[in-house]
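What follows is a set of notes on a single structure, which appears directly below.
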Amino acid sequence: AAGRAIAISPDDSDLYLLRAGLLLGAGKVDEGRQALDRAIELDPNQLGAYLMQAELALGRNDLDEAERVARVAGRLAPGHPVLQSVEAMVALGRGDNKRALALVAPALEEVPDDPQVLNAAGFIYLANDHFAFAEQAFRRLRERKPDHHALRRALAELMVRQGRPAE
């Protein structure tokens, strides 16, 4: 359906962003990246595409690229909560746990149900040994993604770390 919509309206950057999300969700990373590039080519102010690119860079552990893309996105929407979570994950990747925590806390307050922000918060809380907060973030994320098995394992490990192995 997204392909048909693009065929009808080939200059609509939002359609390429939609297609990128579908492709990435299906594990077609290279095709998803191409769709993101096309979305940005059509609309250099396509914030969602930059945020997705930054998340992909984080997934590759390419902190420099994630930071570069986040700077561009920051010009479009300074203080955007998902952007703050990207910046927080870059800080965490560089070992600045305190800064990561300071960046993700307001993002989580602003959009407490956003999956990207919850994911970042969970890992940042975990890195700062705030196990109960990490558990809470991962539980809320699990409500949105109940079939995410790695998340279940992470929750189980957090409960064990908190002295609740029976749970």
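If you go through region 130-142, how many residues are assigned to a helix (DSSP H, G or I) and either in contact with a Phe, Trp or Tyr (Cβ under 8 Å, 6 or more places away or on another chain) or more than 23 Å from Leu51 (Cα to Cα) (or both)? So that I can check it myself, show each step before the final result.
So in region 130-142, the residues assigned to a helix (DSSP H, G or I) come out as 131-142.
With either in contact with a Phe, Trp or Tyr (Cβ under 8 Å, 6 or more places away or on another chain) or more than 23 Å from Leu51 (Cα to Cα) (or both) added as a condition, the list becomes 131-137, 139.
Residues flagged as assigned to a helix (DSSP H, G or I) and either in contact with a Phe, Trp or Tyr (Cβ under 8 Å, 6 or more places away or on another chain) or more than 23 Å from Leu51 (Cα to Cα) (or both) within region 130-142 amount to 8.
Just one of (1) assigned to a helix (DSSP H, G or I); (2) in contact with a helix residue (DSSP H, G or I) (Cβ under 7 Å, 6 or more places away or on another chain); (3) at pLDDT below 95 trips up Ala7, so point out which.
(2)
Please state which one of Ala132, Ala120 is modelled with pLDDT of 95 or more and under 24 Å from Glu87 (Cα atoms).
Of the residues listed, the single one that is modelled with pLDDT of 95 or more and under 24 Å from Glu87 (Cα atoms) is Ala120.
Of all residues in region 1-39, how many are more than 18 Å from the chain's Cα centre (by Cα) and either among the basic types (Lys, Arg) or buried (at least 18 other Cβ atoms within 10 Å of the Cβ) (or both)?
6
For region 40-54, how many residues meet the condition of being of a type in the set (Gly, Ala, Ser) and open to solvent by 80 Å² or more (accessible area, probe 1.4 Å)?
0
Filter region 103-129 down to residues that are outside any helix (DSSP H, G or I) and touching a residue at least 12 places away in the same chain (Cβ under 8 Å) and give me whichever is surrounded by the most Cβ atoms within 10 Å (Cβ to Cβ).
The selected residue is Asp114.
Name every residue in region 143-164 that is open to solvent by 60 Å² or more (accessible area, probe 1.4 Å), in contact (Cβ under 8 Å) with a residue 12 or more places away in the chain and assigned to a helix (DSSP H, G or I), in order of residue number.
Matches in region 143-164: Arg144, Arg161.
The values are calculated or read from the model by the stated rules, or taken from the named source; none is laboratory data. Please read these numbers as outputs of a predicted model, since none were measured by experiment. A quick note on method: Cβ atoms are made from the backbone with ideal geometry, for glycine too, and the neighbour counts reach across all protein chains shown. Please note that ligands, DNA and RNA were not included when accessible areas were found on the heavy atoms of the full protein model with its side chains. Shrake-Rupley method; radii C 1.70, N 1.55, O 1.52, S 1.80 Å.
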